Amino acid sequence: MPVYLPAIVQPEPGADLSLPAQVFAAISAAIRAGRLAEGDMMPSTRQAADGLGLSRSTISTAYDLLRAEGLITMRAGSRPVVCLPTPRKVKQGVDTVPALSTRGHVLARDPRTSSYTIPQGRLSPGLPDEGRFPADLWGQILRRHARQSHGEEACYGGYHGARALRAALCARLASDRGLQVSPEQILITPGTQASLNLIAQTMLDPGMSVALENPGYLGARAAFQAAGAMIHPVPVDAGGLDPAQLPPEAKLIYITPSNQYPLGGRMDLTRRLALLERARAQGSLILEDDYDSEFLWHGREIASLAAHGSGEECVYLGSASKTLLPGLRLGWMVVPPALIAPLRAAQRNLGYAANLHGQLALAELMNSGHYRLHLRRISRLYQQRGLALHEALSSLPFLQVLPPRGGVQLGLRLLVAGREEACMTALAQTGYRVGRLSALCLDAATEGLVIGFATLRPDDPACIASTLAQVVMTGRP
């Protein structure tokens, strides 16, 4: 009798892998795991297609892939037959792959894996609405710059960033964030994560101390751990990080003062000035991640933290990941004059360069006024969605949630212990890929959720609220 394929293959239409690739991968794994033996007969393409509810062409493509890998034999008029691959001869006593270094093990450990229950789903924190990206305009600008000649910048002459984008950012940071800098102080990177890695690798030796908000951004934690730093968690409240609780030995201080990630507090001017004074007194360098500063809905706007300093205490970090798309891989950092030359050299050595045509397209978008217009549109939309989610959740007695002042996600503290995992599971079953708040904590875990709202639908708030209420009352997803 031929192999019963539905016990081995469970095709998922709409998955990342194509249907032929899914069938190939499942049968290949079964053969290599020993579930299918040498000589086992496979069903014909027609039988397999009927059994799996797929087309014959899908099965034929999968069978062709298996035959190319030497996992089945096929003859005209006969069913395919399983054949085991011939093992490669390996020299005794010689490892085929060298072991990772100590730093390699740290770099290969992704802290984000503990943040989610499912690999894909809706309302992930930190993501913008891709449907609002100005694709047609971006494409027109991008094509125009791709057809032009850019001299040394098209090679390796502008590794730290295109002149046009650095000049456009100078104007924007001055008008929107109160930050007066020169184009030479700006480095263009593939994003905030690359900027953090660049700073960590050039400013830290193993064992040095870094202060990090708690809960806080996992990307910053990963960058500092890869550099071998000792991380000191500093608790945050509705006003963000309290400078009085900073460790005196911290060489770097990472903060998100405009919209604290993930809980959403905003650092007031008094704390900002106190933080600058504390950094000067103990010789620390502040890494100001101006996270979601483009989306301010309530309260008086405060200039960036770096704008209140002397220019030596802060590295300012920004990106186009939330305003446009993370996939553009465009970020920037403003560095003190003393760090310009070493960081430019380190950026070249580490390979943290951004795409030239993308940089030029962003510069034109900013200079033309279309960037500011786009921000106004999406900010109004995100405000409506964020407030709708907050309204539905703020009345639940077992949640503590700050009203959103901006951003693209909402951080929730669970006031009932032991319910975080059940809430995550229940929301995952409904298709939501929300974040686990405890995964963002460095010391005693605070249970809760982080829910993105940039792509919120009208029925989502009520669905999320009822799901959470059911879980908290019963303790089960």
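The values are calculated or read from the model by the stated rules, or taken from the named source; none is laboratory data. Keep in mind that this is a model prediction, so the values were computed, not measured. Cβ placement follows ideal geometry from the backbone for every residue including glycine, while neighbour counts extend to all protein chains displayed.
Pick out the one residue from A168, A194, A211 that is over 21 Å from L339 (Cβ atoms) and small (G, A, S).
Step by step, each of A168, A194, A211 is checked, and only A168 is over 21 Å from L339 (Cβ atoms) and small (G, A, S).
Quick check on my filter: what residues within region 308-336 are under 26 Å from S379 (Cα atoms), among the hydrophobic types (A, V, I, L, M, F, W, C) and part of a loop (DSSP other than H, G, I, E, B)?
Result: A320, L324, L325, L330.
Looking at L123, is it touching a residue at least 60 places away in the same chain (Cβ under 8 Å) and out of contact with any Gly (no Cβ under 7 Å at 6 or more places or on another chain)?
no
Checking L173 against (1) farther than 21 Å from Y371 by Cα; (2) surrounded by 21 or more Cβ atoms within 10 Å (Cβ to Cβ), only one condition comes out false. Which one?
(1)
Going through region 47-89 one residue at a time, which ones are closer than 19 Å to M1 by Cα and free of Cβ contacts under 8 Å to residues at least 12 places away in the same chain?
A49, D50, T73, M74, R75, A76, G77, S78
Where the second residue is in a strand (DSSP E or B) and the first is of a type in the set (A, V, I, L, M) and lies in region 385-403, which pairs have Cβ atoms under 6 Å and are six or more apart or on separate chains?
The qualifying pairs are L389/L410; L393/L399; L393/V401; L399/L412; V401/L412.
Could you list, ordered by first residue, the pairs with Cβ atoms under 6 Å in which the first is in region 315-334 and under 18 Å from M203 (Cβ atoms) and the second is aromatic (F, W, Y), at least 6 apart or interchain?
Close Cβ pairs (under 6 Å, with a partner that is aromatic (F, W, Y)) amount to V334/Y316.
Hey, can you tell me all the residues within region 108-123 that are in a helix (DSSP H, G or I) and surrounded by fewer than 15 Cβ atoms within 10 Å (Cβ to Cβ)?
P111, R112, T113, S114
Does at least one position in region 141-154 carry a residue that is modelled with pLDDT under 90, touching a Leu at 6+ places or on another chain (Cβ under 9 Å) and part of a loop (DSSP other than H, G, I, E, B)?
no
Say whether the condition of being over 21 Å from L165 (Cα atoms), among the β-branched types (V, I, T) and in a helix (DSSP H, G or I) is met by at least one residue in region 338-349.
No, the conditions are met nowhere in region 338-349.
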